[in-house]
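Below is one structure, written out as structure tokens, with a few remarks after it.
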Amino acid sequence: MNFENGWRAALEILILAVAIYFTSRFLRGTRGWPVVIGFVIVLLALALVTTVLHLEVLRLLLGAFSTFFVFAILIIFQPELRRMLGELGNLPLFATASEQRESIEVVIQTCERLADVKIGALIAIEQSIQLQEAVESGIKVDCDATPEMLETIFFPNNAIHDGGVILKGDRIAYAACIFPLTQRSDLNKSLGTRHRAAIGLSEETDAVIVVVSEETGLISYAHKGQLTRGVTLEELRAFLVSVILRPAKTHGFVKWLRAQFSERHNPGAAVITRHEPRPVAKNPADPK
């Protein structure tokens with residue numbers, strides 16, 4: 001009987017330890033992570049005080065409010081929980097690699113053309129989480145994604161050039177979308193609205209957001225709350241292939257789970273600059 005109780009207790013401890021570990025890994029680097037730290041510190045402090053000083057009334061109150069604590073956690077971490085459940089519920093079984101590769105090349109060609117003439121762009125590539133729930137507005141386009149169409153949308157003085165574009169597969173779903181701005185206070189003050197919107201959308205969804213700066217012509221991408229600035233076309237292509245085509249290789253739940261928790265960004269590195277600002281040329285070997 002003692003042996004049976006022992007392995008049951010060990011199993012419970014193991015399950016709790018794994019749950020706490022993966023939960024902390026998932027929330028680390030999100031906007032809710034500081035709230036987790038503060039919440040845990042307050043609970044530990046109250047538990048320590050009630051135990052040392054034998055404050056029975058306070059202990060009873062803490063037990064009575066435990067249910068409200070659960071609801072508070074659900075409300076505070078609603079975006080993170082929705083993203084996690086959305087990714088889990090949309091594990092891909094069949095990958096349309098041809099459409100994904102085609103959309104990648106469309107984005108690459110669009111960025112190359114727009115960066116060369118310094119026309120700003122903000123393109124979100126939807127994955128498992130529906131992006132329409134994360135944006136405040138948008139005009140439904142629903143047309144084939146081509147470099148020419150994207151250039152037309154982002155051309156200055158166009159009626160729908162201001163805002164972001166959402167790509168679903170090989171189609172342009174919405175244009176003139178307002179993406180949520182990141183609330184991080186540790187970003188460089190010179191970071192523009194497009195880049196802050198890219199980080200903000202990547203914090204709430206699993207989308208990949210590509211940005212072209214109209215001031216410098218630099219190409220950047222944001223994913224899982226991290227912005228990488230000043231990438232070359234080949235670096236952008238390699239990243240898009242590794243992220244967008246990855247579901248075709250991850251059919252198992254264990255591989256998906258490992259990928260989700262092993263790639264959470266470092267909260268101290270929200271922006272990574274790969275290269276110094278410079279004009280982007282069509283041919284890397286071109287001396288201009």
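Restricting attention to the stretch 192-207, the residues that are farther than 11 Å from THR228 by Cβ and of a type in the set (A, V, I, L, M, F, W, C) total 3. Among the aliphatic types (A, V, I, L, M), closer than 22 Å to LEU201 by Cα, surrounded by fewer than 12 Cβ atoms within 10 Å (Cβ to Cβ) and modelled with pLDDT of 70 or more, is that true of ILE75? Yes, satisfied. The residue that is modelled with the lowest pLDDT, counting only those in the stretch 113-132 that are part of a helix (DSSP H, G or I) and surrounded by fewer than 16 Cβ atoms within 10 Å (Cβ to Cβ), is GLN132. Sort out which residues of the stretch 133-170 are surrounded by 14 or more Cβ atoms within 10 Å (Cβ to Cβ) and assigned to a helix (DSSP H, G or I), and write them in order of number. Result: PRO147, MET149, LEU150, GLU151, ILE153, PHE154.
The values are calculated or read from the model by the stated rules, or taken from the named source; none is laboratory data. A quick note: this is a predicted structure, and the numbers were derived from the prediction, not measured. So basically every Cβ, Gly included, is an ideal-geometry build from the backbone, and we count neighbours across all protein chains shown.
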